[in-house]
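**Student:** Questions regarding the structure given below will be posed in turn.
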Amino acid sequence: MFSKIYNKTILFIKARRALSITLAILLIVLLFVIFRGNGSSVNSFVTVTKGTITQEVSVTGKLKPVDSVDLAFERGGRITNISASVGDTVSAGKVLASIDTSELFAQVMQAQADLQAQKAKLRELENGSRPEEISISEAQFESAQISLENARRGVVDALNNAYTSADDSVRNKADKFFSNPRGRTPTLNLMVYEPQLRTDIENLRPVVESNFSAWKSYLDTVDIHKDLYEYTENSFPYLNTIKSMLDKMAMVVNALGVDSYKTDISSARTEVSSAITNIYSAMEKLNNAESNYVLAQKNLELKKAGYLPEEISAQESQVNRADASIQILQAQIYKSSIVAPISGIVTKQDAKVGEIASTLSPIISIMSESAMEIEANVPEVDMVKVSVGNSVKITLDAIPNETFSGKITYIDPAETIIDGVVNFKIKAVIDTKDTRIKSGLTANLDISTLSKDNTLLLPQYAIIENNNGTFVKKAVSKPGNSTMANMTSGNTKTEEVPVKLGLTSSDGMVEIISGLSEGDAVLNVGIKTKN
């Protein structure tokens, strides 16, 4: 039983093997027939031609507006006006929204008034003093001169009056208490309880008498045009000596308690003190008069000379400052409005009249209406081929069977990493304005990076590239087989020729730099035919 099953299994395996071999043979025959039937393609030749070749880089991108802006107020405030809604078409310069500026306009008016005042003052300085002002200054100067002379006379009078008062206080009031008061040895005719006090008084009386003579001679030389400060300073020692003697006599009479005595000495002391006070008062008036005189003189000189360049320059600065204040306020007024910087369509508008707008918070957006650009990423291997200004053929998935033209306008200098691959962002502008072209559409770009005219061309499928290099199988015709129609594997000999390649176009053509000539026939090794 086992033997029968084994034999049947062997027979089955042999039958399957025979069937497989048969099928393989049939397949080989079929392929042979097919390739023999297409022998003209397998063993056909292509001709080296001359023409134009264009190198292209193909990428895909998205359409977006060339210009798109988000707008916000630069200063906060209550919104008073809105003049645009979503979907509106606006032109550059149109005011879209505004906030309250009434307070700013009031400040501008105030600043303009200040500017006019500063300009008027500048004109006054530039024109110099008016004749009326000079006349007033001259009158003030003359008045100061008169006041100064009167003050100087007042000092002279005060000195002379001081001498008279001192003479009266001593000779008419104090001397009644002396015997031989003007002699060398006067005697005080009062009871003195302190001997030293008597001695001091009796010794001072001859000194006072001598001082009267010297002081009188000195005052006779005084003149209002001399140094009155020196005369006053030199007069005080005389007065102080007299005052000292009278003070000591007051101590004596006060101790005696006789009213008439006290009255006489008190009156004498008062005269001397008043004389000293009057001299100080006259000198103070002189000081003031001299200061006023100098001030009036300087003011007159200034009026006659005009204003200094430094003063005019300082006033010019005040004018510029006032003008700058107006400019600042006007800038704030300008910042109180949102103005469209471009022409386009409003795509966002969140402002409401009456609400308080915050600064730098976008509330209005505008997208350019007609100008569109395509943003795409180019791999780094192709980036070196692309340059700004390259022409571009553009197709849109949303608008099939139409091709648009454009050019590269921007290449990002920095790389962009996408899925770990280095890319570079580019921008292209479509030359044609078409209402069907919308933001967000997918665009296919064929970028013409380089083009050559009158160059040798050959299909890429006729070129062999391997470890030995780049070459083609160039046809070498047998006698009598010179036409392309007669060139087949059976009647045409080929030889391998090294070639140097140049540009490659998107349609599969390759530039032949060297190795072939126009009209050369090359074996179609790629088993392809031209469409």
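The values are calculated or read from the model by the stated rules, or taken from the named source; none is laboratory data. Keep in mind it's a predicted model, so treat the numbers as computed, not measured. As a convention, Cβ positions derive from the backbone with ideal geometry for all residues, glycine included, and neighbour counts pool all protein chains shown. Remember, those area values only see protein heavy atoms, side chains included, never the ligands or the DNA or RNA. Shrake-Rupley method; radii C 1.70, N 1.55, O 1.52, S 1.80 Å.
**Student:** Can you work out ³J(HN,Hα) from phi for every residue in the stretch 332-344, in order, using Karplus 6.51 cos²θ - 1.76 cosθ + 1.60 and θ = phi - 60°, giving whole Hz and x for Gly and Pro?
**Tutor:** Each residue of the stretch 332-344 in turn: 5, 5, 4, 6, 7, 10, 9, 10, 5, x, 9, 8, x Hz.
**Student:** Roughly to the nearest percent, how much of the accessible area of the chain is carbon and sulfur, given a 1.4 Å probe?
**Tutor:** 52
**Student:** Output ³J(HN,Hα) for the stretch 239-256: one whole-Hz value per residue in order, computed from phi by the Karplus curve 6.51 cos²θ - 1.76 cosθ + 1.60 with θ = phi - 60°, and x for Gly and Pro.
**Tutor:** 5, 5, 5, 4, 4, 4, 5, 5, 4, 5, 5, 5, 5, 5, 5, 5, 6, 6
**Student:** For the stretch 114-197, report the accessible area per residue in Å² (1.4 Å probe, heavy atoms, rounded to an integer).
**Tutor:** 60
**Student:** Oh, and also: Taking a 26 Å limit on the Cα-Cα distance, which of the listed pairs LYS64/LYS94; LYS121/LYS335; LYS176/LYS285; LYS407/LYS438 fall beyond it?
**Tutor:** Where the Cα-Cα span goes over 26 Å, the pairs concerned are LYS121/LYS335; LYS176/LYS285.
**Student:** Hey, another quick one. Given the rule -39500 (n - 2.57) for each run of at least 4 DSSP H residues, summed and divided by the residues of the chain, what is its mean residue ellipticity at 222 nm, to the nearest 500 deg cm²/dmol?
**Tutor:** Taken over the chain, the calculation gives -15500 deg cm²/dmol.
**Student:** Above 43 angstrom, tally the Cα pairs of the chain and express them as a % of all pairs, no decimals.
**Tutor:** The proportion of pairs with Cα distances above 43 Å equals 68 percent.
**Student:** Amide H to amide H under 5 Å from SER343: which residues, 5+ apart in sequence or cross-chain, H placed 1.01 Å off N in plane?
**Tutor:** Placed amide hydrogens put ALA92 under 5 Å from SER343.
**Student:** Pull up the cross-link candidates among the lysines for LYS500, meaning alpha carbon to alpha carbon under 21 Å and not fewer than 8 places away within one chain.
**Tutor:** Output for LYS500: LYS50, LYS385, LYS452, LYS473, LYS474.
**Student:** What percent does the relative contact order of the chain come to when contacts are Cα pairs within less than 8 Å and at least six residues apart?
**Tutor:** Value for the chain: 30 percent.
**Student:** As I understand it, the dipole of the chain uses +1 on the Cβ of Lys and Arg and -1 on the Cβ of Asp and Glu, about the Cα centre. Which of GLN118, SER217, VAL381 lies farthest toward its positive end?
**Tutor:** Value computed over the given set: VAL381.
**Student:** Enter the accessible area per residue of the stretch 367-440 (Å², integer; probe 1.4 Å; all protein chains in place).
**Tutor:** 57
**Student:** Just to check I understand the Karplus step: with θ = phi - 60° and J = 6.51 cos²θ - 1.76 cosθ + 1.60, what whole-Hz values come out for the stretch 50-65, glycine and proline as x?
**Tutor:** For the stretch 50-65, the Karplus curve yields 10, x, 9, 10, 10, 8, 10, 10, 10, 9, 10, x, 10, 7, 8, x Hz.
**Student:** Under a crude label model (7 Å from the Cα following the beta-carbon direction), how far is LYS438 from GLN318 in nanometres?
**Tutor:** Reported label-point gap for LYS438 and GLN318 is 6.6 nm.
**Student:** Grab the eigenvalues of the alpha-carbon gyration tensor for the stretch 222-315, scale each by 5, take roots, and send me the semi-axes largest first in whole angstrom.
**Tutor:** The three semi-axes for the stretch 222-315 are 51, 13, 9 Å.
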